[in-house]
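> Before I ask anything, let me first share the structure, which is written out below as structure tokens.
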Amino acid sequence: MKGGEMTMRDLLKRLELKQVDLLVRERLLRNSDMNHPRNMFSLQQVREELKTLQIKLDMIDILRSIELETNKKGAVTHATEQNESV
């Protein structure tokens with residue numbers, strides 16, 4: 001990994017930390033005065049960010065599953081090719 005590059009695992013950790021932060025902010029906003037328009041707007045924004053973030057987390061999870069499956073198939077193919085060459 002070169003300087004500045006981020007692995008999928010690093011990205012996942014960063015997004016999970018952001019999700020925790022947003023969940024805390026959502027809880028604080030829900031416990032605040034909901035009659036105030038600014039609080040309602042902020043809560044709505046946080047919920048939209050949480051939805052978007054969850055989509056990103058789901059996409060990363062799918063990509064990681066595909067990557068693992070591809071790596072397994074590659075290892076099996078490599079082992080089969082070596083057995084055939086013997």
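The values are calculated or read from the model by the stated rules, or taken from the named source; none is laboratory data. Fair warning: this is a prediction, and the values are worked out from it, not measured in the lab. All Cβ positions, glycine included, derive from the backbone under ideal geometry; neighbour counts span all protein chains shown. Note: areas computed on protein heavy atoms with side chains; ligands, DNA, RNA excluded. Shrake-Rupley method; radii C 1.70, N 1.55, O 1.52, S 1.80 Å.
> Identify all residues within segment 47-78 that are open to solvent by 90 Å² or more (accessible area, probe 1.4 Å) and polar (S, T, N, Q); write none if there are none.
Within segment 47-78, Asn71 is the sole residue that qualifies.
> Restricting to segment 1-46, give me the number of residues that are under 30 Å from Glu67 (Cβ atoms), in contact with a helix residue (DSSP H, G or I) (Cβ under 9 Å, 6 or more places away or on another chain), outside any loop (DSSP other than H, G, I, E, B) and open to solvent by 80 Å² or more (accessible area, probe 1.4 Å).
Number of matching residues: 4.
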